[in-house]
Amino acid sequence: MPVMRYIVMKSEQELSFVEMPESHAYQLSALNLRLHKEIDKLTAASVPVLPYAIAECADVELHDKSVVIESGLDYMNRLEKDFSSIEEKSYPLISLLTEIRALQAQLEQWYEEELDN
(Lines give C-alpha, C1' and ligand atoms only; values in the text may rest on other atoms or scores of the structure.)
Protein backbone atom coordinates (compact mmCIF):
# COMPACT_ATOMS: atom_id res chain seq x y z
CA MET A 1 0.00 0.00 0.00
CA PRO A 2 1.46 3.36 -1.00
CA VAL A 3 2.41 5.92 1.61
CA MET A 4 0.32 9.05 1.29
CA ARG A 5 0.64 12.53 2.75
CA TYR A 6 -2.00 15.19 3.16
CA ILE A 7 -1.68 18.84 2.22
CA VAL A 8 -3.94 21.03 4.34
CA MET A 9 -5.37 23.85 2.24
CA LYS A 10 -7.03 26.98 3.59
CA SER A 11 -9.30 29.23 1.57
CA GLU A 12 -11.10 32.03 3.44
CA GLN A 13 -12.65 30.15 6.39
CA GLU A 14 -12.64 26.72 4.74
CA LEU A 15 -10.13 23.90 5.19
CA SER A 16 -9.63 21.11 2.70
CA PHE A 17 -7.22 18.23 2.36
CA VAL A 18 -5.40 16.97 -0.73
CA GLU A 19 -4.08 13.42 -0.59
CA MET A 20 -0.75 13.06 -2.36
CA PRO A 21 1.75 10.25 -2.76
CA GLU A 22 4.53 10.84 -0.26
CA SER A 23 7.00 11.19 -3.14
CA HIS A 24 5.03 14.12 -4.62
CA ALA A 25 3.56 15.94 -1.61
CA TYR A 26 6.36 18.48 -1.34
CA GLN A 27 5.96 19.32 -5.03
CA LEU A 28 2.35 20.36 -4.48
CA SER A 29 3.29 22.53 -1.51
CA ALA A 30 6.08 24.17 -3.52
CA LEU A 31 3.81 24.66 -6.54
CA ASN A 32 1.18 26.29 -4.34
CA LEU A 33 3.76 28.75 -2.97
CA ARG A 34 4.96 29.55 -6.49
CA LEU A 35 1.42 30.11 -7.78
CA HIS A 36 0.67 32.44 -4.87
CA LYS A 37 3.85 34.36 -5.61
CA GLU A 38 2.82 34.85 -9.24
CA ILE A 39 -1.00 35.06 -9.11
CA ASP A 40 -0.98 38.77 -8.19
CA LYS A 41 0.90 39.49 -11.40
CA LEU A 42 -1.98 38.22 -13.54
CA THR A 43 -3.98 40.96 -15.23
CA ALA A 44 -6.93 38.87 -16.40
CA ALA A 45 -10.38 39.90 -15.24
CA SER A 46 -11.15 36.44 -13.86
CA VAL A 47 -8.46 34.71 -11.81
CA PRO A 48 -9.29 31.58 -9.80
CA VAL A 49 -9.26 31.70 -6.01
CA LEU A 50 -6.27 29.71 -4.88
CA PRO A 51 -6.19 28.22 -1.38
CA TYR A 52 -2.99 28.38 0.67
CA ALA A 53 -1.12 25.19 1.51
CA ILE A 54 -0.78 25.69 5.27
CA ALA A 55 0.46 22.29 6.46
CA GLU A 56 1.51 18.84 5.40
CA CYS A 57 0.91 15.75 7.50
CA ALA A 58 1.36 12.00 7.34
CA ASP A 59 -2.10 11.00 8.49
CA VAL A 60 -5.56 12.53 8.81
CA GLU A 61 -8.50 11.33 10.83
CA LEU A 62 -11.47 13.54 10.04
CA HIS A 63 -14.25 14.00 12.56
CA ASP A 64 -16.26 16.48 10.50
CA LYS A 65 -18.04 14.64 7.69
CA SER A 66 -18.44 17.88 5.71
CA VAL A 67 -14.68 18.03 5.14
CA VAL A 68 -13.55 15.90 2.23
CA ILE A 69 -10.18 14.58 1.21
CA GLU A 70 -9.53 15.20 -2.48
CA SER A 71 -7.12 13.04 -4.44
CA GLY A 72 -4.02 14.82 -5.67
CA LEU A 73 -4.82 13.98 -9.28
CA ASP A 74 -8.36 15.36 -9.00
CA TYR A 75 -6.97 18.53 -7.41
CA MET A 76 -4.34 18.93 -10.15
CA ASN A 77 -6.93 18.34 -12.90
CA ARG A 78 -9.14 21.05 -11.41
CA LEU A 79 -6.18 23.41 -10.96
CA GLU A 80 -5.12 22.89 -14.58
CA LYS A 81 -8.66 23.52 -15.79
CA ASP A 82 -8.96 26.69 -13.69
CA PHE A 83 -5.65 28.13 -14.87
CA SER A 84 -6.05 27.13 -18.52
CA SER A 85 -9.34 29.02 -18.64
CA ILE A 86 -7.69 32.32 -17.65
CA GLU A 87 -7.62 34.80 -20.52
CA GLU A 88 -4.33 36.47 -19.75
CA LYS A 89 -2.81 38.99 -22.15
CA SER A 90 0.23 40.39 -20.29
CA TYR A 91 1.74 37.83 -17.94
CA PRO A 92 3.39 34.70 -19.41
CA LEU A 93 0.79 32.33 -17.99
CA ILE A 94 2.23 29.44 -19.97
CA SER A 95 5.09 29.08 -17.48
CA LEU A 96 2.63 28.51 -14.62
CA LEU A 97 0.58 26.11 -16.71
CA THR A 98 3.74 24.20 -17.59
CA GLU A 99 4.51 23.67 -13.90
CA ILE A 100 0.93 22.62 -13.17
CA ARG A 101 0.88 20.20 -16.09
CA ALA A 102 4.26 18.72 -15.16
CA LEU A 103 3.03 17.71 -11.70
CA GLN A 104 -0.28 16.60 -13.20
CA ALA A 105 1.58 14.28 -15.62
CA GLN A 106 3.76 12.89 -12.83
CA LEU A 107 0.67 12.06 -10.79
CA GLU A 108 -1.04 10.43 -13.76
CA GLN A 109 2.01 8.23 -14.23
CA TRP A 110 2.18 7.44 -10.51
CA TYR A 111 -1.49 6.37 -10.40
CA GLU A 112 -1.06 4.25 -13.54
CA GLU A 113 1.92 2.48 -12.02
CA GLU A 114 -0.02 1.89 -8.80
CA LEU A 115 -2.90 0.36 -10.74
CA ASP A 116 -0.48 -1.96 -12.54
CA ASN A 117 0.94 -3.24 -9.23
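Leaving out ligands, DNA and RNA, and with a 1.4 Å probe, what % of the accessible surface on the chain is carbon or sulfur? Let's see the in-between values first.
Working: 3770 of 7430 Å².
Whole-percent figure for carbon plus sulfur exposure: 51.
Go through segment 26-42 residue by residue and turn each phi into a ³J(HN,Hα) via Karplus (6.51, -1.76, 1.60, θ = phi - 60°); whole Hz please, and just put x for glycine and proline.
With the stated coefficients, segment 26-42 comes to 4, 4, 5, 4, 5, 4, 4, 4, 5, 5, 5, 5, 9, 4, 5, 7, 6 Hz.
For ARG5, list long-range residues whose amide hydrogen, built 1.01 Å from N in the peptide plane, is under 5 Å from its own amide hydrogen.
MET20, GLU22
Output wanted: per-residue J couplings in Hz (rounded whole) for segment 88-100, from phi through Karplus 6.51 cos²θ - 1.76 cosθ + 1.60, θ = phi - 60°, x for Gly and Pro.
Ordered by residue, 3J(HN,Hα) equals 9, 10, 9, 7, x, 4, 4, 5, 5, 4, 4, 5, 4 Hz.
Would you tally the net charge around PRO2, using a Cβ to Cβ cut-off of less than 12 Å, leaving PRO2 out, and scoring K and R as +1, D and E as -1?
Details: positive: ARG5; negative: GLU19, GLU22, GLU113, GLU114.
Here the count lands on -3.
In whole percent, what relative contact order does segment 10-117 give with Cα contacts below 8 Å and a gap of six or more residues?
Working: 80 pairs, mean separation 41.1, N = 108.
Value for segment 10-117: 38 percent.
What number comes out for accessible area per residue over segment 1-87 if the probe is 1.4 Å? Units Å², please. Walk me through the intermediate numbers first.
Working: 5410 Å² over 87 residues.
With the other protein chains kept in place, segment 1-87 gives 62 Å² per residue.
For labels at THR43 and ASN77 in the simple 7 Å Cα→Cβ model, what's the distance in nm?
Placing both labels 7 Å beyond Cα along the Cβ direction yields 3.5 nm.
Using amide H atoms built in the peptide plane, which far-off residues or other-chain residues are under 5 Å from GLU56 H to H?
VAL8
Place a +1 charge on the Cβ of each Lys and Arg in the chain and a -1 charge on the Cβ of each Asp and Glu, then give the dipole magnitude about the Cα centre in debye, rounded to the nearest 20. Can you show the working numbers first?
Details: 10 positive and 22 negative charges, 112 e Å.
Dipole size: approximately 540 debye.
Which value in deg cm²/dmol, rounded to the nearest 500, describes the helix-derived mean residue ellipticity at 222 nm for the chain, given -39,500 (n - 2.57) per DSSP H run of n ≥ 4 and division by the residue count? Walk me through the numbers on the way to the answer.
Values: 3 runs with 52 residues, N = 117.
That calculation yields -15000 deg cm²/dmol at 222 nm.
The values are calculated or read from the model by the stated rules, or taken from the named source; none is laboratory data. On a predicted model such as this, the values are computed, not experimentally measured, just so you know. Ideal geometry is used to build each Cβ from the backbone, glycine not excepted, and the neighbour counts take in all protein chains shown. With ligands, DNA and RNA removed, areas are computed over all heavy atoms of the protein, side chains included. Shrake-Rupley method; radii C 1.70, N 1.55, O 1.52, S 1.80 Å.
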